[in-house]
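> Below are the structure tokens for one structure; questions will follow.
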Amino acid sequence: MSGWVVVAGLGPGDEALVTPEVRVALEQATDIVGYIPYVARIPERDGLTLHASDNRVELDRAAHALQMAQDGKRVVVVSSGDPGVFAMASALFEALEAGPAQWRALDIRVLPGITAMLAAAARAGAPLGHDFCAINLSDNLKPWALIEKRLRLAAEADFAMAFYNPRSKSRPEGFARALDVLREACADARPVLFARAVTTPQEELRIVPLTEALPEMADMRTVVIVGSSLTRVIDTPHGPILYTPRSA
């Protein structure tokens, strides 16, 4: 088969953070598939067709990409950040597993990108410098009871925690509940980083104690990093540095 599928991460927002191998795949593609704002980052050119779709249709999007590749197209499925972190790589393999047997013969590759969690951590210092976990706070694909269980267990294990999709217009109450769980489980004033639109002109960073963290400090463009009990803040003339010691 001449067609192929690449699932590529576009990084957190700054075009300088798109990897060279992703740029090559985009140059070779005949078709780009993805969520509307991510496809909008791809410049139009002759010979390239852009297929933008709304959120929550990941499996349809993945099946469309696989079918086009079977038809001989060179398809890049784009995600922000890294495609394997709460993004399209998993959806594509779900569609592959459930789809026709001939899709399994396709050339499929996943190209990594810089995920928002790592970009945010780098901007602030090194809050993920020791053991950490990442949790998606959206309850679209899992029940809230499971999210709360994972929050409590992560706090009990004293991980630093990175939260994706903390708060949206359709579920504004979830992050407030998450903060309540953390305040009860942690019972301290460990630092919390709110990193919004990292690496873009709209970037905003805010570090507050857990006791002062408010739900409205986050939205869907925000990654929230909660430190472990040993995460520290160093005050400097250039602003605070947030880091977790390697011996934590």
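> When ligands, DNA and RNA are left out and all protein chains stay put, how many square angstrom of accessible area per residue does region 76-216 have with a 1.4 Å probe?
47 Å²
> What's the extension gain from Thr200 to Ala145 if we count 0.36 nm per residue and subtract their Cα-Cα distance? Don't skip to the end; give the middle numbers.
Details: separation 55, 0.36 × 55 = 19.80 nm, distance 3.41 nm.
16.4 nm is the gain from fully extending Thr200 to Ala145.
> Counting only Cα, what are the radius of gyration and maximum Cα-Cα distance Dmax of region 117-188, in Å?
12.4, 34
> Continuing with this model, one more query. Could you please tell me the mean projected area of the C-alpha convex hull for region 39-141, averaged over all directions and given in square nanometres to one decimal?
Working: hull surface 34.1 nm².
Projected area, direction-averaged: 8.5 nm².
> Let me ask you something else. Run the quick spin-label model on Arg221 and Ala105: label points 7 Å from Cα toward the beta carbon, then report their separation in nm to one decimal.
According to this spin-label approximation, the distance is 4.6 nm.
> Continuing with this model, one more query. Quick one: the Cα spread of the chain along its three principal axes, in angstroms, biggest first?
Between the extreme Cα coordinates on each principal axis of the chain lie 57, 41, 35 Å.
> Taking the DSSP beta bridges in region 100-248 as the whole, what percent of them are antiparallel, to the nearest 5?
Numbers: 18 of 25 bridges.
Restricted to region 100-248, the bridges split so that about 70 percent are antiparallel.
> While we're here: Could you please report the charge total around Pro37, scoring K, R as +1 and D, E as -1 over all other residues with beta-carbon less than 13 angstrom from its beta-carbon? Intermediate results must be reported in sequence, preceding the final value.
Numbers: positive: Arg41, Arg221; negative: Asp54.
Result for the neighbourhood of Pro37: +1.
> Next up: Determine the principal axes of the Cα atoms in region 156-205, then give the extent along each, sorted from largest to smallest and rounded to whole angstroms.
Extents along the principal axes: 36, 24, 16 Å.
> Cα-Cα pairs above 13 Å in region 21-85: how many percent?
On the way: 1278 of 2080 pairs.
Every Cα pair in region 21-85 considered, those over 13 Å come to 61 percent.
> Let me ask something else about it. With a 1.4 Å probe and all protein chains left in place, how much accessible area per residue does region 1-71 have, in Å²?
Solvent-accessible surface per residue comes out at 51 Å².
> How large is the dipole of the chain about the Cα centre if only Lys and Arg carry +1 and Asp and Glu carry -1, each at its Cβ, rounded to the nearest 20 debye? Let's see the in-between values first.
On the way: 25 positive and 30 negative charges, 38 e Å.
Value, rounded to 20: 180 debye.
> Check cross-link reach from Lys169 to the lysines: straight Cα distance under 19 Å, and skip same-chain residues fewer than eight apart.
Reachable lysines: Lys142.
> Sort largest first and round to whole Å: the equivalent ellipsoid semi-axes of region 137-225, each the square root of five times a Cα gyration tensor eigenvalue. Intermediate results must be reported in sequence, preceding the final value.
Numbers: eigenvalues 79, 55, 24 Å².
With the √(5λ) rule applied to region 137-225, the semi-axes are 20, 17, 11 Å.
The values are calculated or read from the model by the stated rules, or taken from the named source; none is laboratory data. Computed from a prediction, not measured in an experiment: that's the story for all the values here. Note: ideal-geometry Cβ built from the backbone for every residue, glycine included; neighbour counts use all protein chains shown. Please note that ligands, DNA and RNA were not included when accessible areas were found on the heavy atoms of the full protein model with its side chains. Shrake-Rupley method; radii C 1.70, N 1.55, O 1.52, S 1.80 Å.
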